[in-house]
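Contents: one structure, followed by commentary.
Read-outs: derived from the displayed coordinates by stated rules, not from any lab. Because the structure is predicted, anything quoted here is derived from the model rather than measured. Neighbour counts run over all protein chains shown; Cβ positions are idealised from the backbone, glycine included.
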Protein chains: 2
Amino acid sequence: MVKNGKDRKVAPRVPKGFRDYPPEEEIARQILIEKTRTVFERYGYLPLQTASLEFAEALLGPHYNADNLKELFGFTGPEDADIALRYEFTLSLARYVAGNPHLSLPFRRYQYGNVWRVDKPGPGRFREFMQFDFDIVGTASMLADAEIIAVMVSTLDYLGIKNCVVRYSNRKLINGLAAFAGISPERARDVFRVIDKLEKQGREAVILELGPGRTDRSGDKIPGLHLTDRQISMLTEFLDLALSKGDDILTDVEKLLGHLEVSNEGIKELCQIREFLDQMNVPSEKAKIDVTIVRGLGYYTGPVYETTFLDLPDYGSVFSGGRYDNLVGRFSNRSIPATGSSFGVDRMLAALIALKAIELKESTAEVLVTTMDKTRMKDYIEIVGNIRDAGINAELFVGDTKNINKQLKYADRIGIPVAVIAGSDEFEGGMITVKDLRLGREKSKEVADRDEWLKAEEIQVTIKRVDLLDYLAKILNKD
Amino acid sequence: MVKNGKDRKVAPRVPKGFRDYPPEEEIARQILIEKTRTVFERYGYLPLQTASLEFAEALLGPHYNADNLKELFGFTGPEDADIALRYEFTLSLARYVAGNPHLSLPFRRYQYGNVWRVDKPGPGRFREFMQFDFDIVGTASMLADAEIIAVMVSTLDYLGIKNCVVRYSNRKLINGLAAFAGISPERARDVFRVIDKLEKQGREAVILELGPGRTDRSGDKIPGLHLTDRQISMLTEFLDLALSKGDDILTDVEKLLGHLEVSNEGIKELCQIREFLDQMNVPSEKAKIDVTIVRGLGYYTGPVYETTFLDLPDYGSVFSGGRYDNLVGRFSNRSIPATGSSFGVDRMLAALIALKAIELKESTAEVLVTTMDKTRMKDYIEIVGNIRDAGINAELFVGDTKNINKQLKYADRIGIPVAVIAGSDEFEGGMITVKDLRLGREKSKEVADRDEWLKAEEIQVTIKRVDLLDYLAKILNKD
């Protein structure tokens, strides 16, 4: 039979670069989000939510064109307005602050939610992903920057990432370096991109890239910047300081660059941050000055922050940010300084999973009440109601099968820890059977081998029905 | 001075129908979401998150055209794919289930997040809004429908809405009514739309609209459906049964429509639901059969649910849903029955606010540590750190002013309950001053009049610094 158009099935797929989050991942994301919120609110940060769609000019500036719009999920919407899905939160925050002139400053806010980018999708790279930002708007004090770093350290600690370090530097210092070496502002970006590779590629590779270029391990030719020998030797002096990583690095940098006003200002700001961090009891091994940090974003004006997970050396910086004192100026004549940091929720979650700092669970239900005898439904409903009233998440089996093994298999597959079973014999004797499926999982890691264990008496006890709630509370560690 | 293009400021506004959520509202939304999640998880529902953008054919079916796309936030995206922002979650759930054939069924899931609709914006009507859904997929049992109603009742109760009722009916019953009165399926929709007005407009208005039409209070002419007298009298018989609202309504409806197979099936299903709800101890005044309920959505096939807030008579149904056994069929040849319900987060929040069931707070911080003497920053930082370590959300004033009254005003404006103050005198004597700003707010509701109260000694105590944490815990009701 040829199907006509009306019967045609729609393929159950999502657009390229998009994905669904099944319960297992979504449960873990929610735990990550709640823990992060707890830390941010402990420091007085407040939740803000902004519109997902913004006017194109808010995201791209007043001089965008149709091609720029295509670099975002942008389109002409209702009322013929050029609009686009946000690709980050900072611009929306600047717009919000400019549009709310009576906002009490300093304004500490956090925001989490999806952002959208038309990047080429790849493994772990999606076009829709969740971002978590926090910022302080309305103060130029380095106390704010120190607080941002302290909150980053606290958050990573609370999430269970023990072996990590927040590294920070200052854009002003690096701008001073460019002036020192006689590099024009137009070329400075390329130079900083190369210096940024110091940690990963090493001193020699960086020096070659500043000069004639080099050939990497896979034989690819990496072109050089062809700086003069004098420029390279001035930059090398700085690189060697940076690599020394001594506690007195700022003194050394000051000797080298302190005569330039801009880098001197940057050094002073870094000193202040370090002092505030000491007062905040942030251990110096958790927050380190690293003068090679640059950060890609163009709008940073002062301190910048990055994170290294020492147990995941190939992971880039997951949690980073900086001070951006001019961004509100896109929307307002008021000059409003701001600083903040953000992480990608999915990348942070992947790190937590890799570090075994989070346990993946497929279910939030703690008990499945099986329903093998449909004439006893009234009893099953009463049992599941009592369990819920005791504060335990419980699910009643509502599927069409009476087969107890199929019901236990369902509980096992979605990771419910405990199943409750009662048939006529139990009901008449005032008893009830509790199966601890976790024991079955311990006995046999392979799902295919677990059918026998699900039936095994070894993982079950039969108790008096009146004792059920106490027994469940005990084995589920409820207070 | 004429500004050139480069200096032009971007207006700090959002597209029509969009909005930001300032902390006051976002804090309340998060409380609402967390409470709802608690109830849903108590019943075993699991979180799922789906892509925000879907292929146009997933949302609109395979035969959509460019105009349909404009009714959504739809556009041609990367790879020239027709895509659109989701306008609800049920289609995405159906797509997810069809695309994951190994999913354990029954599948209980909840989802919350934004949906987008190109409706005409108006007061309280936005183009981006948050929706909260929960559904059971994979069972045709009326136990599932009864559970949906029970969860709706539990959720409303847990959110603090005491005076409300979930009303339910069955599409099959109303289809039987159409057959009984000899109304063609094409006209049935219009007839049900009129019958749906029974509660609000009353019997006479409905009968006139089924016949010649009527003139409403404001003088507008409402056209009639011009049914025959015989049809109207058959429908009137049903309306009078519906209005009687007796406990035996189903017996009466059975007498009238029970000879028709489709309505008979509907009546049997309603009887089963009522029986399950009794077993679940859902009080009958919280969940009532109301045979006039129709629900607008085309895809419902069986039981349908609505909510009435008795203290907000002009509010429509905020929390509603129904059974939709054919929707997965858009994406798959497997027939997978499903049922569920949803509410709009913003409309629910507005109801909670109107019913005074939620308290709006502008801040989650409980203490502001003021910083009047910048040379004592080390002490302030230590104090705020200790307060946080005690589990209290605390903010350090990082603004540029040293003026203590300005700092207190800031705390007052954003609703921080308590401020901590220390100057040289206090530090030297080992003392600290705590101002309970809530007392100031009680003394003077008007913000303008509060300046004096902020300074008043009446709302402050000076205690030993070592007693600070205990004192804060006490006045903030911490355990």
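General remarks:
- Other protein chain Cβ atoms within 10 Å, averaged over every residue that makes up A:53-65: 4
- Dipole magnitude of chain B, debye to nearest 20 (Cβ charges: Lys/Arg +1, Asp/Glu -1, about Cα centre): 1000
- Proximal aspartates and glutamates to residue B:288, defined as alpha-carbon separation beneath 15 angstrom and excluding residues fewer than eight positions away on the same chain: B:145, B:147, B:199, B:247, B:248, B:269, B:275, B:278, B:306
- The chymotrypsin sites (Phe, Trp or Tyr not before Pro) of the range B:384-479 include none that DSSP puts in a loop with a beta carbon having at most 11 other beta carbons within 10 Å.
- Inter-copy separations for residue B:315, label at 7 Å along Cα-Cβ, nm, ascending: 4.4
- By the count of neighbouring beta-carbon atoms within 10 Å, fewest first, A:373, A:7 end up ordered A:7, A:373.
- 10 Å-binned pair-distance histogram of chain B (Cα, whole percent): 4, 15, 21, 21, 16, 12, 8, 3, 1, 0
- Inter-centroid distance (Cα atoms) of the range B:71-115 relative to the range A:33-92, Å: 22
- Distance from the axis that maps chain B onto chain A is least for the Cβ of the chain B residue given, with the whole Å value, as B:75, 2.
- Distance in nm between pseudo-label sites at residue A:451 and residue A:334 (7 Å out along the Cβ direction from Cα): 6.9
- Cα-Cα over 21 Å, subset of A:245/A:286; A:172/B:374; A:35/B:356; B:9/B:409: A:172/B:374; A:35/B:356; B:9/B:409
- Averaged over residues, the count of other Cβ atoms within 10 Å places the peptides A:176-183, A:376-383, B:173-180, A:211-218 in the sequence B:173-180, A:176-183, A:376-383, A:211-218, highest first.
- Copy-to-copy label separations for residue A:243, where each label sits 7 Å from Cα toward Cβ, in nm and ascending: 9.3
- Low-density loop positions, trypsin sites (Lys or Arg not before Pro), the range A:445-479 - DSSP coil, at most 11 other Cβ in 10 Å: A:445
- Residue (of B:303, B:66, A:174) at the positive-pole extreme of the protein assembly as shown, dipole from beta-carbon charges: B:66
- Shape class of the range B:38-135 from the Cα gyration tensor (axes a ≥ b ≥ c, square roots of the eigenvalues): oblate, since a/c reaches 1.5 or more and a/b does not exceed b/c.
- The range B:190-231 shape via C-alpha gyration tensor axes, a/c threshold 1.5: oblate
- Pairwise centroid distance, computed over Cα atoms, of the range A:205-247 with the range B:145-190, Å: 72
- Alpha-carbon centroid distance for the pair the range B:372-405 / the range A:284-353, whole angstrom: 24
- The mean number of partner chain beta-carbon atoms within 10 angstrom of a residue's beta-carbon across peptide A:388-401 is 5.
- The mean number of Cβ atoms from other chains found within 10 Å of a Cβ in peptide A:94-103 is 3, as a whole number.
- By the rule of a C-alpha distance below 14 Å, with chain neighbours fewer than 8 residues away ignored, the aspartates and glutamates paired with residue A:402 are A:373.
- Relative contact order (%) - criterion: Cα under 8 Å, at least six apart; region: chain B: 15
- Cleavage-rule hits, trypsin sites (Lys or Arg not before Pro), the range A:263-355, DSSP coil, Cβ neighbours within 10 Å at most 12: A:334
- As a ratio to 2.2 N^0.38 Å, the alpha-carbon radius of gyration computed for the range A:70-208 takes the value 1.36.
- Note on A:172, A:406: ascending count of other Cβ atoms within 10 Å places them as A:406, A:172, the fewest first.
- Those lysines that a straight Cα-Cα span of less than 20 Å connects to residue B:120, excepting residues fewer than 8 apart in one chain: B:16, B:70
- Three-way shape call for the range B:125-171 based on the alpha-carbon gyration tensor, with the a/c threshold at 1.5: oblate
- The ratio of the alpha-carbon radius of gyration of the protein assembly as shown to the globular-protein estimate 2.2 N^0.38 Å is 1.07.
- Distances in nm from residue A:34 to the matching label points in the other copies, shortest first (labels 7 Å along Cα to Cβ): 0.9
- Relative contact order computed over the range B:293-409 (Cα-Cα under 8 Å; 6+ residues apart), in percent: 16
- Kirkwood hydrodynamic radius (C-alpha pairs) into Stokes-Einstein, the range B:367-475, 25 °C and 0.890 mPa s, D in µm²/s: 176
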